[in-house]
Structures are given as structure tokens and as C-alpha cells.
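The values are calculated or read from the model by the stated rules, or taken from the named source; none is laboratory data. Values in this document were obtained by computation on a predicted structure and should not be read as measured data. Neighbour counts run over all protein chains shown; Cβ positions are idealised from the backbone, glycine included.
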Amino acid sequence: MKAGDVTLGHVFAADHHLVVPLFQRPYVWSQDANWEPLWTDVRTAAEEVEAEVFDEHGRHDPRTYFLGAVVIQSRRHLPRRLSSSNVIDGQQRLTTLQVLLAASRRVALRIDAATSAGLFSTLLENKREAIHPDHQEDLHKLWPLPQDNGAFRWALREDGSSVPPPLRDTSW
């Protein structure tokens, strides 16, 4: 086991599939108790980054923010599958952050900020070229529990469409 500080960008950057295992509880975060405090933290961090000034040489040391611990466990690599890990702790936070990133991508698309939308997509989806046709669920960086899957995929949709067509269940 290895512990250390990792940026959120690093967690979602690689072509890797994070899977919420069946022994985890379903998604239970609520607006008042969880979403609003997280949004306040994210908004405060963004406003502080906007307010940071560069030194006289044009350099700046960006601040970092602690969003909580995440524990992942590598899974056995199966043929024709992306590398993957089980989310042991932090699934509620990671799921919420994926939904926040997806909403940000939709806003970027709506205002024709294609580059920003593309950057958000890299944090939400693995490269399509790396996905085997038999395992389309590997497209998503995070794969929730079966009972959360429909709502999660609806939240991650790019446009105003309804829930994407169901993917076949590939429980391992």
C-alpha cells in the first residue's frame, strides 16, 4: 500500500477505470449536508485562485486544497479491459466531483468553450480508442453501483438528452 498526496487531476487523468464495489453503500449525498459545503469549498478555492497575483517575475505558487482522503485498491487486470481499481473510501466525493465536472463541461459546451469542454471530458472519460467494444462501461473514469448507474450516466451526459441507452451489465 502506498499513501501520499495526489491531485484530483491525477486521480482522473490516466486512462483508468475506478469501480465502486458492490459492498459499498449507494450514493446518499444530499444537497444541504454534502453538496452545498463541497460547492462552497470549490467556489472559495476558485475565487482564491482568481485573486492570486503573480510575483514581479510572472511566477506564482498555486495553492492546494484538501478535498478528503480517497482509498483505492488495484484490481486484477483482465484481457481487453482498462486497468482498474476499486474505490474503498471516497466514492461519494468522487461521484459528486464527477457530476460537478460534467456540469462544468455542459456549461462550457453551451457557451462554445470547446477547449474547456474537451479538458473536462478528459477528466470524465477514458480515451475511446482505449476501450474495447465489448466493454463500453470502461469509457467512464468512475463506474458507480448498479442502482446509481442510470442517474449517474444521466448526470454525465454532454447535452440535454435523456439517459443514454443502457449498457449491458458486466459484473466481474
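Points worth noting:
- Criterion: under 13 Å from the mean Cα position of the chain (by Cα), surrounded by 15 or more Cβ atoms within 10 Å (Cβ to Cβ), over 29 Å from Gly4 (Cα atoms) and not polar (S, T, N, Q) - qualifying residue of Arg106, Arg153: Arg153
- The range 7-56 - residue that is out of contact with any strand residue (DSSP E or B) (no Cβ under 9 Å at 6 or more places or on another chain), surrounded by 10 or more Cβ atoms within 10 Å (Cβ to Cβ) and among the β-branched types (Val, Ile, Thr) and, of those, modelled with the lowest pLDDT: Val49
- Selected residue [of a type outside the set (D, E, K, R), over 20 Å from Val11 (Cα atoms) and either crowded, with 16+ Cβ neighbours inside 10 Å or out of contact with any strand residue (DSSP E or B) (no Cβ under 6 Å at 6 or more places or on another chain) (or both)] from Leu100, Leu78, Leu124: Leu78
- When Leu119 is tested against (1) surrounded by fewer than 18 Cβ atoms within 10 Å (Cβ to Cβ); (2) of a type outside the set (Ser, Thr, Tyr); (3) farther than 15 Å from Asp15 by Cα; (4) under 13 Å from the mean Cα position of the chain (by Cα), just one condition goes unmet, and that condition is (3).
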